[in-house]
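Encoded as structure tokens, the structure appears first; notes follow it.
Every read-out reported here was derived from the displayed coordinates using simple, explicitly stated rules and does not represent laboratory data. Bear in mind the structure is a predicted one, so any value in this text is a computation, not a measurement. Neighbour counts run over all protein chains shown; Cβ positions are idealised from the backbone, glycine included.
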Amino acid sequence: MAGPIKAKYVEKENIVVDGVDVSGHWNRMFEQRTIFEYTPELIEKIADIPGAESFANCYQCAKCVAVCPVDVVGNYGPRKLYRYAQTGLDLTEAPELWLCTTCANCLRVCPKEVNMVKIMPAAREQAILDGKFVPAELQQAFENTAKSGNPLGQPQRKRDAWVKDAGVEIPIIKDLGRPVDVLWYVGSYPSYHPRGIDAASAAARIFTALDIDFAILGKEEKDDADSQRLAGEKGLFEMMTEYNIETFNKYEWRNWSSRALTN
């Protein structure tokens with residue numbers, strides 16, 4: 001990234017205005033900056049990517065920075081990304097591209113509707129297509145999802161291993177052999193990660209206490225890859241989506257919430 005632009009200024013050592021001595025640093029007068037100090041091309045490069053058009057809408061009011069969770073631990077925010085691009089940073093080649101969590105806090109307060117939830121996935125997808133830098137941990141998660149059906153790289157055969165210690169009976173719809181009211185998509189982290197398993201087990205106990213007729217896909221379930229989509233791997237997302245839709249279509253379940261409201 002290009003270094004910071006140094007503003008040019010004039011400061012007189014001694015100056016008297018209308019008989020008042022105003023000598024000092026407060027009499028500093030800044031010269032007008034010229035458009036040639038900026039690089040609109042790198043802003044346009046992002047804004048030209050389908051889905052990232054609103055990047056060019058930023059007028060640097062900085063409301064986004066105050067609500068950005070990444071700025072708490074770094075120097076971040078949509079306004080700052082716009083400024084970085086304006087002063088020489090190619091966002092598709094920079095580590096800053098991968099820091100945004102797409103939490104949408106910035107969009108909530110932005111008067112110009114600069115939509116980072118669309119901008120970042122689009123820019124990341126372009127970077128991946130162009131063979132640009134991708135963090136090693138993220139690349140590993142992509143590979144794990146493609147090979148094992150989950151970003152953690154855990155075996156598919158262990159997808160439903162957590163149900164044994166849930167404390168309640170959790171039916172697998174393939175073994176149940178009948179329609180259910182709720183076909184519960186559990187997800188990868190609730191199926192494999194210790195803290196996620198605790199949450200999934202608690203949810204199962206709640207469903208049971210409420211007498212909800214539910215089942216899970218078990219070993220047939222794979223990651224939804226929505227996080228991978230937000231990280232720019234749209235192709236992987238589409239592959240996982242097609243698989244899961246095909247799996248869901250093998251079974252029957254009723255819309256429990258609608259049925260409960262109409263009875």
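Results, tabulated for the structure shown:
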| quantity | calculated |
| --- | --- |
| Residue-count net charge about Tyr251 - beta-carbon cut-off 12 Å; Lys, Arg +1, Asp, Glu -1 | -1 |
| Reachable lysines, given that their alpha-carbon falls under 21 Å from the alpha-carbon of Lys63 and they are not under 8 places away in the same chain | Lys80, Lys112, Lys118 |
| Relative contact order %, the range 123-224, counting alpha carbon pairs below 8 Å whose residues are six or more apart | 30 |
| Distance from the range 111-125 to the range 155-228 (C-alpha centre basis), Å | 33 |
| Cβ-isolated cysteines (cut-off 4.7 Å), the chain | Cys58, Cys61, Cys68, Cys100, Cys103, Cys110 |
| Over the chain: helical MRE at 222 nm, DSSP H runs n ≥ 4 each giving -39500 (n - 2.57), nearest 500 | -11500 deg cm²/dmol |
| Relative contact order (%) - criterion: Cα under 8 Å, at least six apart; region: the range 110-176 | 12 |
| Protection proxy ranking, peptides 145-152, 191-198, average beta carbon neighbours within 10 Å, highest first | 145-152, 191-198 |
| Spatially near lysine pairs across the range 129-263, Cα under 18 Å, sequence gap of 8 or more or different chains | 16 |
| Sum of side-chain charges, Arg79 neighbourhood, beta-carbon under 12 Å (Lys, Arg +1; Asp, Glu -1) | +3 |
| Environment charge of Val180, counting only residues whose C-beta is closer than 11 Å and scoring Lys/Arg +1, Asp/Glu -1 | -1 |
